[in-house]
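A quick write-up on the structure given underneath.
None of the figures in this text is laboratory data; all of them are computed from the coordinates on show. No experiment lies behind these values; they were computed from the predicted model shown. Here the Cβ is made from the backbone with ideal geometry for all residues, glycine too, and neighbour counts use every protein chain on show.
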Amino acid sequence: MLAALLDEYGLDDAEVTMESRFTGDLELESIDLVTLAGQLQERWGDRINFAEFIAGMELDEIIDLTVGRLVGYVVDRLRTAGRS
């Protein structure tokens with residue numbers, strides 16, 4: 001999903017690692033994160049709630065959000081949903 005989003009903006013050559021920051025390293029803006037959030041929810045439904053994920057974060061945490069932190073959230077939510 002992230003690769004497709006980056007490709008859409010001509011950033012398909014950007015190196016994406018677990019430490020990559022969405023805004024600082026990948027140059028994505030908040031609207032891009034909203035798009036990604038919609039794609040995550042479309043794929044996994046209510047199990048992945050991006051708004052809920054960032055609700056408890058401070059602004060600087062959101063600005064410094066890494067791919068790894070989001071991946072960790074998605075994996076955790078999918079595991080939790082699989083147990084219920």
*Being surrounded by 11 or more Cβ atoms within 10 Å (Cβ to Cβ), hydroxyl-bearing (Ser, Thr, Tyr) and assigned to a helix (DSSP H, G or I) is the filter here, so list the residues in the stretch 48-81 that pass it.*
Tyr73
*asked:* Among the residues of the stretch 1-15, what is the count of those that are outside any helix (DSSP H, G or I) and out of contact with any Asp or Glu (no Cβ under 9 Å at 6 or more places or on another chain)?
replied: 4
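Inspect all residues belonging to the stretch 16-25 and state whether any of them is in a helix (DSSP H, G or I) and either surrounded by 12 or more Cβ atoms within 10 Å (Cβ to Cβ) or of a type outside the set (Lys, Arg) (or both).
Looking for residues that are in a helix (DSSP H, G or I) and either surrounded by 12 or more Cβ atoms within 10 Å (Cβ to Cβ) or of a type outside the set (Lys, Arg) (or both), one finds none in the stretch 16-25, hence no.
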